[in-house]
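A short worksheet on the structure shown next.
The values are calculated or read from the model by the stated rules, or taken from the named source; none is laboratory data. Computed from a prediction, not measured in an experiment: that's the story for all the values here. Reconstructed Cβ throughout: ideal geometry from the backbone, glycine too, with neighbour counts over all protein chains shown. The area values use the complete protein model at the heavy-atom level, side chains included, leaving out ligands, DNA and RNA. Shrake-Rupley method; radii C 1.70, N 1.55, O 1.52, S 1.80 Å.
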Amino acid sequence: MNLTISNLNKTYNNGVKALDSVNLTIGPGMFGLLGPNGAGKSSLMRTIATLQTPDSGEITFGDINLLTDKNALRRVLGYLPQEFGVYPNLSAEELLHYFANLKGITSKADRQKIVAEVLQITNLYDVRKKSVSGYSGGMKQRFGIAQMLLNNPKLIIVDEPTAGLDPAERHRFLNVLREIGAQHTVIFSTHIVDDVRELCHELAIMNGGRVLFRGSAQEGESKL
Ligand code: ADP
Ligand code: ADP
């Protein structure tokens, strides 16, 4: 299914035009949204996640209108915001069981299965008994992905996930995303050109609220 963003505009109260006639069509796989700080990436991600409303424009995923159909949105969307990661003093496994319960997975056997699965995908299975509050930044980011995967979202939005990670952690995180991108539509924003080089088959480059380029990673290589 395609995510289609049509003519999206957003001007904040302070007069900053963060989204300026943004049009994008994004298919399955790993899509990179690249741009410097202030380009409008988070504004776009938050708008897709319906955390903020645009002044005008439409966002659809397949035939679902994401801006109006909240029930469908809940079913299909996984969103990892940029600032994430204050956790109570519980182990990853305990927390994931808790969240799975909240998400309506009421059978204990089903919970055990999905929790083990998301721990494995995110490479946290070995540390599942440790407290998430003691995790490193990269492990917390991967835990965020694990949590998001519990209800099998079809559309995954990850905002600047590698900011602040050291090279080894960044690498581990990108490997997890790569695996997920093989089965989902994943959009991730970054200001790090190499993130996009290593991971994405397609990308858009944003600046000043506008999409300056959208195409294959190969075509985009000359712009990076
Ligand atoms: P990026 O994620 O690419 O760094 P943002 O979407 O965070 O870009 O920001 C785009 C522009 O909008 C910046 O100039 C930023 O200062 C401004 N901005 C972002 N959020 C708000 C807000 N809530 N209120 C006012 N201005 C904002
Ligand atoms: P990978 O297994 O892909 O190399 P990990 O991030 O899982 O990536 O790191 C390897 C292992 O190191 C982890 O499975 C975990 O057991 C251990 N580890 C890494 N950071 C921590 C930490 N902060 N606390 C406890 N164990 C850690």
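Things to note:
- Taken over segment 82-109, the residue count meeting the criterion of being of a type outside the set (Phe, Trp, Tyr) and in contact with a Leu (Cβ under 8 Å, 6 or more places away or on another chain) is 7.
- Checking 180, 156 one by one, the residue that is in contact (Cβ under 8 Å) with a residue 40 or more places away in the chain, within 21 Å of residue 40 (Cα to Cα) and of a type in the set (A, V, I, L, M) is 156 and no other.
- Here the strands (runs of 3 or more DSSP E) wholly within segment 115-224 that include at least 1 residues being on the phi < 0 side of the Ramachandran plot and within 13 Å of the chain's Cα centre (by Cα) are 155-159, 185-190.
- Looking only at residues in segment 108-135 that are touching a residue at least 40 places away in the same chain (Cβ under 8 Å) and aliphatic (A, V, I, L, M), the one that is farthest from residue 179 (Cα to Cα) is 132.
- Scanning segment 159-175 for residues that are surrounded by 21 or more Cβ atoms within 10 Å (Cβ to Cβ) and over 11 Å from residue 195 (Cβ atoms) returns a single hit, 159.
- Filter pass, residue 156 being away from ligand 2 (no atom under 16 Å from the Cβ), open to solvent by less than 50 Å² (accessible area, probe 1.4 Å) and farther than 29 Å from residue 26 by Cα: no
- Any hit, segment 12-26, residues being in contact (Cβ under 8 Å) with a residue 24 or more places away in the chain, within 16 Å of ligand 2 (Cβ to nearest atom) and either more than 26 Å from residue 216 (Cβ to Cβ) or aliphatic (A, V, I, L, M) (or both): no
- Residue match in segment 123-145 (condition: in contact with a Gly (Cβ under 6 Å, 6 or more places away or on another chain) and of a type in the set (A, V, I, L, M, F, W, C)): no
- Single residue of 56, 42 found to be over 20 Å from the mean Cα position of the chain (by Cα) and of a type in the set (Ser, Thr, Tyr): 56
- Residue tally, condition open to solvent by 30 Å² or more (accessible area, probe 1.4 Å), in a helix (DSSP H, G or I) and farther than 25 Å from residue 165 by Cβ, over segment 95-110: 7
- Among residues of segment 41-55 that are closer than 14 Å to residue 13 by Cα, those with a beta-carbon under 9 Å from a residue that is away from ligand 1 (no atom under 12 Å from the Cβ) and among the polar types (S, T, N, Q) at least six positions away or on a different chain give the pairs 54/9; 55/9.
- Residue within segment 76-86 that is open to solvent by 20 Å² or more (accessible area, probe 1.4 Å) and at pLDDT 95 or above present: no
- Number of positions in segment 130-141 that are within 10 Å of ligand 2 (Cβ to nearest atom) and either modelled with pLDDT of 95 or more or open to solvent by 10 Å² or more (accessible area, probe 1.4 Å) (or both): 8
- Counted residues, segment 11-43 - those being within 6 Å of ligand 1 (Cβ to nearest atom) and over 24 Å from residue 163 (Cα atoms): 2
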